[in-house]
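Note sheet for the following structure.
The values are calculated or read from the model by the stated rules, or taken from the named source; none is laboratory data. Quantities reported herein were computed from a predicted structural model and do not represent experimental measurements. Neighbour counts run over all protein chains shown; Cβ positions are idealised from the backbone, glycine included. Please note that ligands, DNA and RNA were not included when accessible areas were found on the heavy atoms of the full protein model with its side chains. Shrake-Rupley method; radii C 1.70, N 1.55, O 1.52, S 1.80 Å.
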Protein chains: 2
Amino acid sequence: MSKDERTLYFPKASLDRLKIYRRLLTETDSEYISSEDIANKLGINPELVRKDLSYINYKGKPKVGYHVQSLLDELNELFGLKKTTNVIIVGAGHLGRALANFKGFSKYGIKIVGIFDNDPQKINQFVGELVVLPLDYINRVVRRFNVEIGTICVPEEAAQKIADLLVQNGIKAIWNFAPVKLEVSEDIIVVDEDISQSLLTIKHLLERKQLEKAGEK
Amino acid sequence: MSKDERTLYFPKASLDRLKIYRRLLTETDSEYISSEDIANKLGINPELVRKDLSYINYKGKPKVGYHVQSLLDELNELFGLKKTTNVIIVGAGHLGRALANFKGFSKYGIKIVGIFDNDPQKINQFVGELVVLPLDYINRVVRRFNVEIGTICVPEEAAQKIADLLVQNGIKAIWNFAPVKLEVSEDIIVVDEDISQSLLTIKHLLERKQLEKAGEK
DNA sequence: TAGATTGTTAATCGATTAACAATC
DNA sequence: TAGATTGTTAATCGATTAACAATC
């Protein structure tokens, strides 16, 4: 199968499930796994699993199931895990530093190659093995390391300006932790990671549950 | 309208959009806003906005639109922003400490009332205004502050055990930063915040984009 | 071979969009 | 009033599920 065939468009929901299958497979010891096994563990339908895998043109063996290792390889390829992608972080506050210190990214072929801030107090401080650099240095680092992803960990007032700066410097994708809808040109990938928003979901579900309980009486 | 009417079931996608409308309204200065204004800013259909708002039984004024302040009030109520919810954090690593230090949660009616770790080196250290406590203290803190939400910031190997511990101690919702599917009883709310997974999405989209470009030639 | 499991087409379901009457 | 915008019913679209033939 050619790469082009494999990466034709398929639903976002399927892409998200493929990530979950991938995680499940990394925790699977057996040599083969059936669509039913996968479905049961995730609480979904086996047909859906098969459909999702058909999108990436991966073939299982009737009567046997899917070969865990080769499917995992295929999914790792799909998510570009085999090649290293260089990433910078803008904002050396608590969150930016926490991300810079996180050891788990290497598993996903992600390497943090720089952290930046405009606060003179933070500049030159060590964060793990990196040193906080001023924003002027973004250009140099991006070119030197061929950085594709920029992470925004600055306060929301500053986020749009930093996004513009990143785009100017040739960043192709933005991982945005600020609670703002960034306006960038269409060809830039933006993924929002607005963690406070999930707290809203939790609070709503707690409220709803409480009302349900009250209603039962 | 009674609370019960308002909180009848509606699609998850609508709930997520309602959160986005809420954020947009906080950034809106005018007194009224039309479904078309909202839709344009978010790149969706005005009909969808009206449909979503009809789920929460919120009425606009024909020819005028929606009253920004009162809609915002309604949404704040929907997401339980007006009352304070107490939260604890388990795991005082970089991420746990970053969350404990984050000032923005108060806006959402969230208060961090405790941070815990099993590492003797971390216990008794200060994190902002809190002191890291051993896991044994979870029970006391949960009861004392009537804690509803527990945040898991421990390594993935430990996550399930901590989830069990939280549930034993009466926690009603888990905000899970570990890359693991937690097994908990049905009445416990679990919201996953697996940030590494979004990197997979970014890497995939980057790959796809590159293939598209290659294909154009 | 018989049976189990895949792969795929058709049917169903649910969410989004279109249409339009109601209303200020 | 006329016109703009809401609220809601009906039509469409897309994703999920069901059914079943293909295959090892």
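Structural remarks
For (1) within 18 Å of the chain's Cα centre (by Cα); (2) facing another protein chain (nearest Cβ under 8 Å); (3) more than 24 Å from residue B:11 (Cβ to Cβ); (4) free of Cβ contacts under 8 Å to residues at least 24 places away in the same chain, each residue gets a yes or a no:
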position	(1), (2), (3), (4)
A:165	no, no, yes, no
A:174	yes, no, yes, no
A:177	yes, no, yes, no
A:191	yes, yes, no, yes
A:203	no, yes, no, yes
A:206	no, yes, no, yes
A:212	no, no, no, yes
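- Any hit, the stretch B:2-17, residues being open to solvent by 80 Å² or more (accessible area, probe 1.4 Å), more than 17 Å from the chain's Cα centre (by Cα) and basic (Lys, Arg): yes
Table: residues versus (1) within 9 Å of chain A (Cβ to nearest Cβ); (2) over 30 Å from residue A:214 (Cα atoms).
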{"position": "B:10", "(1), (2)": "no, no"}
{"position": "B:27", "(1), (2)": "yes, yes"}
{"position": "B:34", "(1), (2)": "no, yes"}
{"position": "B:42", "(1), (2)": "yes, yes"}
{"position": "B:70", "(1), (2)": "no, no"}
{"position": "B:84", "(1), (2)": "no, no"}
{"position": "B:87", "(1), (2)": "yes, no"}
{"position": "B:91", "(1), (2)": "no, yes"}
{"position": "B:97", "(1), (2)": "yes, yes"}
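- Scan of the stretch A:93-105 for residues that are touching a residue at least 60 places away in the same chain (Cβ under 8 Å) and part of a loop (DSSP other than H, G, I, E, B), ordered by number: A:93
- Boolean, residue A:44 is in a loop (DSSP other than H, G, I, E, B), aliphatic (A, V, I, L, M) and open to solvent by 20 Å² or more (accessible area, probe 1.4 Å): yes
- Picking from residues in the stretch A:106-116 that are within 14 Å of chain B (Cβ to nearest Cβ) and outside any helix (DSSP H, G or I), the one that is surrounded by the most Cβ atoms within 10 Å (Cβ to Cβ) is A:115.
- Failed item in (1) modelled with pLDDT of 95 or more; (2) within 14 Å of another protein chain (Cβ to nearest Cβ), with residue B:119 passing the rest: (2)
- When restricted to residues that are free of Cβ contacts under 8 Å to residues at least 12 places away in the same chain and either away from DNA strand C (no atom under 11 Å from the Cβ) or of a type in the set (Ser, Thr, Tyr) (or both), the stretch B:37-57 contains 2.
- Answer residue from the stretch A:179-189, given it is more than 9 Å from chain B (Cβ to nearest Cβ) and open to solvent by 50 Å² or more (accessible area, probe 1.4 Å) and is nearest to residue A:95 (Cα to Cα) among those: A:183
- In the set (1) within 13 Å of DNA strand D (Cβ to nearest atom); (2) of a type in the set (Val, Ile, Thr); (3) within 17 Å of residue A:202 (Cα to Cα), the condition left unmet by residue B:87 is number (1).
- Residues that are touching a residue at least 12 places away in the same chain (Cβ under 8 Å), open to solvent by 10 Å² or more (accessible area, probe 1.4 Å) and part of a loop (DSSP other than H, G, I, E, B) within the stretch B:58-91 comprise B:58, B:60, B:64, B:81, B:82, B:83, B:84, listed in sequence order.
- The residues listed here are B:211, B:182, B:135, B:165; of these, the one that is modelled with pLDDT under 95, among the hydrophobic types (A, V, I, L, M, F, W, C) and within 20 Å of residue B:96 (Cβ to Cβ) is B:182.
- The set of residues in the stretch A:18-36 being in contact (Cβ under 8 Å) with a residue 24 or more places away in the chain, under 23 Å from the mean Cα position of the chain (by Cα) and within 14 Å of DNA strand C (Cβ to nearest atom) consists of A:18, A:21, A:25, A:28.
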